[in-house]
Amino acid sequence: FKMCPGRVLCKLPCSGEKEVDLAVQSAKAAFKIWSQMSGMERCRVMLEAARIIREQREEIATMETINNGKSILEARVDIDISWQCLEYYAGLAGSLAGEHIQLPGGSFGYTRREPLGVCVGIGAWNYPFQIACWKSGPALACGNAMVFKPSPFTPISVVRLAEIFTEAGVPKGLFNVVQGGAATGQFLCQHPDVAKISFTGSVPTGMKIMEMAAKGIKPVTLELGGKSPLIIFADSDLDNAVKGALMANFLTQGEVCCNGTRVFVERKILDTFTKEVVKCTQKIKIGDPLLEDTRMGALINRPHLNRVQGFIKQAKEQGAQVLCGGDLYVPDDPKLKNGYYMRPCVLGNCKDDMTCVKEEIFGPVMAILPFDTEEEVVERANATKFGLAGGVFTRDIQKAHRVVAALKAGMCFINNYNVSPVELPFGGYKSSGFGRENGRAAIEYYSQLKTVCVEMGDVESVF
């Protein structure tokens with residue numbers, strides 16, 4: 001593999017209505033086999049897939065770095081989270097069960113947890129391989145099949161995942177990949193044999209998917225955008241808070257939906273915190289993401305880079321101060337000259353009504369805002385249509401729990417940020433979507449309950 005920024009890596013044909021139908025029918029046939037297997041049988045196959053991913057960690061991480069542009073350091077973490085996800089749901093596969101309920105007169109009832117059928121997964125371009133595992137892990141553990149459509153900007157690594165599932169022994173067609181953009185997604189959402197849709201991406205696209213799913217009464221899981229608050233209290237460990245702010249803003253070049261891009265800092269430490277976060281931001285090594293010492297790679301494509309730059313330009317026009325970064329970066333290596341690089345940006349003098357504070361930028365741009373009281377910062381933190389995540393840094397544990405309880409967000413962090421253990425549910429409130437990925441909670445969204453009532457005596461008839 002070699003980095004070729006700004007150049008075509010490969011060409012893939014978009015899947016049309018015919019190809020989508022073939023993928024769904026293939027998955028439907030595989031579902032009949034997979035859904036009849038015991039949980040322990042499915043467990044063994046999924047563990048084998050996890051083992052293959054773990055063994056091929058370096059190769060897949062390299063592929064993902066070229067696929068997306070993130071640093072190899074981060075890509076390795078993504079791959080580790082991916083195999084851990086499959087291991088976790090493999091462990092749950094054998095334990096999925098209903099319950100028995102005793103009724104009067106010796107009668108009884110029981111529930112069965114059953115798979116939905118052919119599920120659709122539509123992924124985003126920031127975590128291509130990981131998102132595919134987050135969606136396929138619980139889906140397959142519950143006995144479903146999946147047709148997955150990656151983003152057209154990152155089509156490569158998910159194909160490798162499909163190959164790995166096949167190598168591990170899933171029935172042929174159980175995890176199918178189709179390629180394409182909005183039209184392909186529409187064919188998937190409207191297909192009559194699709195039972196459920198799980199989407200990660202933007203709010204406008206999520207709304208369209210929900211509309212299409214409604215016409216077929218299909219359940220959906222939506223993991224959408226965010227403009228999450230990160231609250232830094234004066235009593236926090238300053239060094240730790242600075243590290244948290246960097247993690248909350250600059251992972252994957254800032255292209256992370258749950259990033260804490262509104263950094264609220266208690267006024268008494270505003271200057272100290274700002275000075276330190278700017279100093280650390282300026283030290284971030286940008287360049288070839290395949291090099292071990294690179295900490296920030298390239299943004300996904302030219303239009304997105306231009307969009308992020310437009311937000312910074314508008315922020316300056318509205319009175320924000322660029323404290324560092326925000327400009328284009330051209331690496332010394334001539335082979336990287338066409339890459340979509342920019343320096344990570346910290347904005348000061350921000351106000352709540354600025355566009356850069358209200359709208360999701362999805363790039364390496366941190367906005368710092370001062371606050372004075374706990375009550376004030378909670379109210380300001382919640383004054384957004386989004387509700388994906390939120391973070392609090394403080395040494396006062398009572399205050400920490402009090403504040404996260406008041407935050408209207410689905411994923412909250414105390415004295416850390418952007419930690420995503422597969423054991424914990426992930427998802428948002430409000431316009432950030434609904435449904436949950438990861439944890440036992442995801443099982444609820446990839447299965448359905450059947451109730452069976454058994455009468456042990458004569459039917460009590462009113463007729």
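The values are calculated or read from the model by the stated rules, or taken from the named source; none is laboratory data. Source: prediction; values computed, not measured. Reconstructed Cβ throughout: ideal geometry from the backbone, glycine too, with neighbour counts over all protein chains shown. Just so you know, the surface numbers come from the protein's heavy atoms only, side chains and all, with ligands and any DNA or RNA stripped out. Shrake-Rupley method; radii C 1.70, N 1.55, O 1.52, S 1.80 Å.
The residues on offer are 288, 237, 271, and the sole one that is in the same structural domain as residue 400 (by the TED database), touching a residue at least 12 places away in the same chain (Cβ under 8 Å) and open to solvent by 50 Å² or more (accessible area, probe 1.4 Å) is 237. Checking the stated criteria, residue 33 turns out to be more than 21 Å from residue 128 (Cα to Cα) and in the same structural domain as residue 96 (by the TED database). Scanning segment 79-104 for residues that are open to solvent by less than 10 Å² (accessible area, probe 1.4 Å) and either within 16 Å of the chain's Cα centre (by Cα) or of a type in the set (Ser, Thr, Tyr) (or both) turns up 79, 82, 85, 86, 89.
Restricted to segment 404-420, and to residues there that are outside any strand (DSSP E or B) and hydrophobic (A, V, I, L, M, F, W, C), the residue that is farthest from residue 133 (Cα to Cα) is 406. Between 58, 74, 64, the distinction of being of a type in the set (Asp, Glu), in contact (Cβ under 8 Å) with a residue 12 or more places away in the chain and either open to solvent by 40 Å² or more (accessible area, probe 1.4 Å) or touching a strand residue (DSSP E or B) at 6+ places or on another chain (Cβ under 7 Å) (or both) belongs to 58 only.
I'd like the full set of residues that are out of contact with any Gly (no Cβ under 9 Å at 6 or more places or on another chain) and either without any contact (Cβ under 8 Å) to a residue 60 or more places away in the chain or assigned to a loop (DSSP other than H, G, I, E, B) (or both), limited to segment 421-445.
The answer is 439, 440.
Does residue 342 meet the test of being within 30 Å of the chain's Cα centre (by Cα) and more than 19 Å from residue 246 (Cα to Cα)? In short, no.
Residues in segment 446-463 that are surrounded by 13 or more Cβ atoms within 10 Å (Cβ to Cβ) and either outside any loop (DSSP other than H, G, I, E, B) or modelled with pLDDT of 95 or more (or both): 446, 447, 448.
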